[in-house]
1. Once amide H atoms are placed 1.01 Å from N in the peptide plane, what residues at a sequence separation of 5 or more from Gly170, or on another chain, have their amide H within under 5 Å of its amide H?
2. Describe numerically, in nm with one decimal, the distance between label points set 7 Å from Cα along Cα→Cβ at Ser151 and at Glu116.
3. Normalised by the number of residues in segment 52-171, what is the relative contact order in percent for Cα pairs under 8 Å and 6+ residues apart?
4. Mind listing the phi-derived Karplus ³J(HN,Hα) values for segment 147-164, rounded to whole Hz, using 6.51, -1.76 and 1.60 with θ = phi - 60°, and x for any glycine or proline?
5. For segment 98-112, just list the computed ³J(HN,Hα) in residue order, Karplus coefficients 6.51, -1.76 and 1.60, θ = phi - 60°, integers in Hz, with x standing in for Gly and Pro.
6. What Kirkwood hydrodynamic radius do you get for segment 67-167 when you take the inverse of the mean 1/r over all pairs of distinct Cα atoms, in Å?
7. Given points 7 Å out from each Cα along the Cα-Cβ axis, report the Ala45 to Arg67 separation in nanometres with one decimal.
Amino acid sequence: GGPPTPERSRPLGRRPLLPPFATATAAAALVVASLFAVQADRTRAERDTARDRAREIAHVLAAPDARAAHGEDDGGRGIGVVASASEGRAVVTLSGYREPSGDRVHQLWVMRPGAEARSLGLFEGDTPLVATGLDRSATSLAVTVEPGGGSHRPTSRPVLQLTLESVGFGE
C-alpha cells in the first residue's frame, strides 16, 4: 500500500451557511403566516359584521308595516329612516354630513315625551345604523355630535331631528 491518506478537516470557526439561513427563513415564514392569520381573522370578522348588518336591514325592510320617512335641514343635509313599529326597529341613514372633526362622532338618539334621550348608536361614516328597541312611544330621532366613543346623554343640541309619526310611532 502506500502512505496513509491524510484526513481532511474543516477549518475551525467556519460553519455552513445553510442552517442559519434556513432558520431565519423559517422564522420569517412563521411571522408572515401569523400576520396572514391575523388579517384573515380580521377580514372574517368584518365580513360577518357586514353580513349580520345586511340581515338586520333586510329584516326591517321586509316587515309588513315598514314605512319610510326623510327629513332635511336648510343646508340640504338629511336623515332617512325605514321603520317597522311592529319590529321596534329602524334603519337610519345620514346624507350630506361629513365626518365630525377631531375625535367627534354622530350619535343617534330616540326621544320620548317625559323621558331622557336614549342612545341608539354611533354612525360609522355613511353606513346605515340599525336602531333596535324602539317602542311606539318614540316621537323622534335626533342626531348630535358627541365626543369619540359617544355619550350617555346628549352633550350638544341636535344637528338634525326627525319625527316618527309618519312611520307608525309616537302614539
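1. Close amide H contacts, sequence-distant or interchain: Ser137, Ala138.
2. 1.2
3. Dividing the mean separation by the residue count of segment 52-171 yields 26 percent.
4. With coefficients 6.51, -1.76 and 1.60, one gets x, x, x, x, 10, 7, 9, x, 10, 9, 5, x, 7, 7, 9, 10, 6, 9 Hz.
5. 7, 4, x, 6, x, 8, 10, 9, 8, 10, 9, 10, 9, 10, 9
6. Numbers: mean 1/r = 0.0739 Å⁻¹.
By the Kirkwood definition, the hydrodynamic radius is 13.5 Å.
7. My value for the distance between the label points is 4.0 nm.
Any read-out appearing in this document is the output of simple, stated calculations on the displayed coordinates, not a laboratory observation. Not measured: the values here are computed from a predicted model. Glycine also receives a Cβ, built like all others from the backbone with ideal geometry; neighbour counts cover every protein chain displayed.
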